[in-house]
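Structure record follows, encoded as structure tokens.
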Amino acid sequence: MFWSRKHGQRREVVRQHRPDRRDLKLERWRSQGVFGSVGIAAVFFIAVSSIIMMREAVVAYRPGQYIAQDIQARVDFTFTDPDQLTEARNAARQSAPRVYTPTEPEHWETIQKTLDATPDRLAGLRLDEVPKDYLQMGLDEATRTEMQECGLSNPALHEEYEKRVAGFLKEVRALVIVSNEEYADEMASALRQFVLLPSLGNAPISRENLYPVTPANSAAGHTLVTQVQKLANAYFRGPPFKTALEYPMRDFVLANIAPTFKLDEQATTESQNAAAKSAASHLTETKYTANQVLVSKGRTLTEKQWNMLRKEKAAFIASLGVRALKPKIGYVGVIFLLTVGLSIYIGHYQPRVIENHTRGIAIAALLLTTLLLAMVSAIGTGPLYVFGVAPTILVAMILAIAYDRRFAMGIATLHAVMVTLAVAPSEQALGFFIILESGVLTTCFFLNEVRTRSKPIEVGGISALAMMGATIATGAISLDPIAFIWQNCLYTGAAGLGNGFVVLGILPFIEKAFKITTAMTLLEVA
């Protein structure tokens, strides 16, 4: 009995400490940081998948790229030429009416007060004694005498005179007069102002209402002088006046006249913007049908054609409907496999990253940032062989410095696969990956230890040469023209060499981020 009880207790202790117990495994994984690392990997997977989904905006060709075969439309679509649309909107903006509003009446009130006081100021004066401000009226002896008779010595005539002055100036102010400076492009005369149609009340006026001073309008009596002359004749010619006061009145008003309407710049700008916005874009649209050649082979792609291909791709994706989900699901599946492979590779060769979540986050942030940089460069029109290649080589350099060459080679290779999926067209994917991988392998092989400041630049130069060689080889396979191959060689060379300078500049930040000390720093401290 005793032996049986003791044996049972021993079995219970052994059972509780079995290494294959699930709860013990979970506890061990938790203590080793496995769950946290799985969370980082999950976030990384979601972020990479989101970035890859931006691939729909990537056009398979770049401006300036040689086109080896005809590019045909896959669906019917319409394309608006941006240059023609800009010209149409500029034309609509220029033809839009300028908006004018009435000016303040203070100037005209001053003119009226001056004319009302004229008879009294001229009373008892000889012609040579007339004040200088009245010389603008062109007075002669007869009109001066007539003015004097309209003074206070003849109350009835004086009252009639003031009434005629008020009516005359009211109708002059009813004319739409604007400054020549505000409408110089419509002028064909040296007059400072010009007359328009009679006032439209308080409503703003537009270009259609204008009467510029032109020979034709002058002959038709539409100039400012003829309009004011007509009003002066109506008010100051004939009884009760004995002489023609219309000429002095006309000359004085024309000498002191001011615009009755002023340009409303804000309303004019709004009118022009509305006209430009409403410019019919369908007038600049071109319709393309399926299987129509968009770009002929043997040509260099222009930016206009690149915009056209982008519009065609958007129309094609829209035509797929639900079928457009199929490639997205495929990309998500590939990214999932790459994420699992990346996690296993890190756990096998750098297990301390699993325990240290800060390092894991730093690696994930590095890979995501560089992948996003390559993706953004692919969406735009910049050279893909610079900003699409450089981020992966930067990953290889940083990880080779922070960890070791084997680890950097594996991670950078997986990153190269992700970048190729994100930015490279299917027919160019293999050549693009070969260029990336040649740069990764060269960088990781030669960047064993940073002992001098020139080391990153030297490695960048060597990787540039390797990628240039790969570019020549892949370009020859694709039968690209020599000029185009040479251009891409310059791009990949700039990407490799530029990374060396970038890494040299951010080396202190790499050491702090990954908590390492390079041999160069140790030598400087020594």
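A short reminder: the numbers here are calculations on the coordinates, not readings from a lab. On a predicted model such as this, the values are computed, not experimentally measured, just so you know. Glycine also receives a Cβ, built like all others from the backbone with ideal geometry; neighbour counts cover every protein chain displayed.
Structure values in brief
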item	result
Sorted peptide list for 428-435, 310-317, criterion being average Cβ within 10 angstrom, highest first	428-435, 310-317
Cleavage-rule hits, trypsin sites (Lys or Arg not before Pro), region 37-129, DSSP coil, Cβ neighbours within 10 Å at most 10	Arg126
Cross-link table Lys277/Lys311; Lys170/Lys242; Lys304/Lys328; Lys455/Lys512; Lys297/Lys326, entries beyond 26 Å C-alpha to C-alpha	Lys304/Lys328; Lys297/Lys326
Magnitude of the charge dipole, region 324-438, Cβ model with Lys/Arg +1 and Asp/Glu -1, debye to 20	160 debye
Interchain or long-range residues, amide H under 5 Å from Leu294's placed H	Ile71, Gln72, Ala73
Net +/- balance of residues flanking Ala68 in space, Cβ distance below 14 Å, scoring K and R +1, D and E -1	0
Student exercise, region 402-485 dipole from Lys, Arg, Asp, Glu Cβ charges, in Debye to nearest 20	360 debye
Gap separating the Cα centres of region 320-396 and region 223-292, nearest whole Å	65 Å
Volume of the Cα convex hull of region 369-526, divided per residue and given in Å³	95 Å³
Cβ crowding within 10 Å averaged over residues, with 62-68, 323-329, 467-473, 420-426 ranked highest first	467-473, 420-426, 62-68, 323-329
Convex hull volume per residue in cubic angstrom - Cα atoms of region 383-452	75 Å³
Projected label distance in nm at Arg74 and Ile477, using a 7 Å step from Cα toward the beta-carbon	2.3 nm
